[in-house]
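The values are calculated or read from the model by the stated rules, or taken from the named source; none is laboratory data. Because the structure is a prediction, the values reported are computed rather than measured. Cβ placement follows ideal geometry from the backbone for every residue including glycine, while neighbour counts extend to all protein chains displayed.
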Ligand code: BTN
């Protein structure tokens, strides 16, 4: 089967003298603001000819970047399109970094988790991030499909190789959920909650989820594919009928369309910080924040784990990220997966009228 090719710089570092020239041009244009950057300055910075700069600028314009050229100011970046562009994402991230060391964007693919899984098996080092504008077979937890329409969301996967035992993989779900919630908050001003283990929610409605897929030996993780899906600019009526009642999007919550690239960058930055803490052994710092944001703790829950139904109250998170649920018999159950339904709060119940 032919692999779909990304619409931007491929993973293998290009043999050219200047890796990611478009990222460097966009970063320079952003830094120069209204003053603009001359072709000569850009050529000097990138150590290429002015003609090469002009060709790159033309390419960016074709991709939808509104770049004007004035004789006095040189090139000025006026507006960016609502498309995911690997070099634009790279141009906004700090160096050095581990997460988003390399970024690929596909116009359409089956599932970004599938692409990253292949990269992992090919031995690509951790940190690579793959986005898709649309997924034709987006995967959700528990074998569900993930609705991934073109240009409306952030559908992406990150390759990680954490120094963890497979039993502690839930820690990654926890730190990722915190990073996503923080990124959303920073970029949009919205305050999302987290439903265990990985749903990003507003009240009872879900706007994002995380799918962790592991390649592991008995005692260590070989690689993790961290798949993140966020409904950014999906209109309420666009969700498939079966999730109309339970799904929401960030634009619906904010009441305005949102900038997907800026949001992606904010989340990748938070992920970098949270993953660094996890690698330093400071999981508890992130999990404390998870607890503060969690909408599950203290609630009555029903958890379907394979053929088993566990009913109880979600009491705490343990040091590996598992949910501890107190059953009506007083037993503490340790939950590492499954489908969690929150019981209605007593205040949610309609008042009975005599
Ligand atoms: C969930 O069920 O809540 C998890 C959803 C995860 C969806 C994302 S979208 C990007 C990545 N690729 C996939 O096929 N799934 C994940």
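Observations on the structure shown:
For every residue, the table says whether it meets (1) surrounded by 14 or more Cβ atoms within 10 Å (Cβ to Cβ); (2) at pLDDT below 95.
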{"residue": "255", "(1), (2)": "no, no"}
{"residue": "259", "(1), (2)": "yes, no"}
{"residue": "275", "(1), (2)": "yes, no"}
{"residue": "282", "(1), (2)": "no, yes"}
{"residue": "302", "(1), (2)": "yes, no"}
{"residue": "308", "(1), (2)": "no, yes"}
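- Residue 190, sole failed condition from (1) outside any loop (DSSP other than H, G, I, E, B); (2) in contact with a helix residue (DSSP H, G or I) (Cβ under 6 Å, 6 or more places away or on another chain); (3) at pLDDT 95 or above: (1)
- When the range 317-333 is limited to residues that are under 26 Å from residue 202 (Cα atoms) and modelled with pLDDT of 95 or more, the one that is surrounded by the fewest Cβ atoms within 10 Å (Cβ to Cβ) turns out to be 326.
- Any hit, the range 129-139, residues being part of a loop (DSSP other than H, G, I, E, B), under 17 Å from the mean Cα position of the chain (by Cα), in the same structural domain as residue 176 (by TED's automatic domain parsing) and within 10 Å of the ligand (Cβ to nearest atom): yes
- Of the criteria (1) within 14 Å of the ligand (Cβ to nearest atom); (2) over 16 Å from the mean Cα position of the chain (by Cα); (3) modelled with pLDDT under 95, which one residue 118 fails: (3)
- Residue 96 vs. criteria surrounded by fewer than 20 Cβ atoms within 10 Å (Cβ to Cβ), closer than 28 Å to residue 65 by Cβ and more than 15 Å from the ligand (Cβ to nearest atom): yes
- Boolean, residue 288 is over 16 Å from the mean Cα position of the chain (by Cα), touching a residue at least 40 places away in the same chain (Cβ under 8 Å) and either surrounded by fewer than 19 Cβ atoms within 10 Å (Cβ to Cβ) or part of a loop (DSSP other than H, G, I, E, B) (or both): no
- Scanning the range 102-115 for residues that are part of a helix (DSSP H, G or I) and either over 14 Å from the mean Cα position of the chain (by Cα) or not assigned by TED's automatic domain parsing to the domain that holds residue 261 (or both) yields 114, 115.
- Residue 187 being in contact (Cβ under 8 Å) with a residue 24 or more places away in the chain, farther than 23 Å from residue 130 by Cα and more than 14 Å from the ligand (Cβ to nearest atom): no
- Only one of the listed residues (166, 150) is farther than 29 Å from residue 285 by Cα and more than 10 Å from the ligand (Cβ to nearest atom). That residue is 150.
Listed here are the residues, each with its yes/no results for (1) within 16 Å of the ligand (Cβ to nearest atom); (2) farther than 24 Å from residue 276 by Cα.
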| residue | (1), (2) |
| --- | --- |
| 80 | no, yes |
| 84 | yes, yes |
| 91 | no, no |
| 110 | yes, yes |
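- Screening residue 264 with (1) in contact with a strand residue (DSSP E or B) (Cβ under 6 Å, 6 or more places away or on another chain); (2) not assigned by TED's automatic domain parsing to the domain that holds residue 103 gives one miss only, at (2).
- Condition met for residue 242 (assigned to a helix (DSSP H, G or I) and surrounded by fewer than 17 Cβ atoms within 10 Å (Cβ to Cβ)): yes
- Applying the condition of being in a loop (DSSP other than H, G, I, E, B) and modelled with pLDDT of 50 or more to the range 9-37 and asking which residue is farthest from residue 55 (Cα to Cα) yields 36.
- Subset of the range 196-232 (residues that are near the ligand (Cβ under 10 Å from one of its atoms), touching a residue at least 60 places away in the same chain (Cβ under 8 Å) and closer than 20 Å to residue 299 by Cβ): 197, 209
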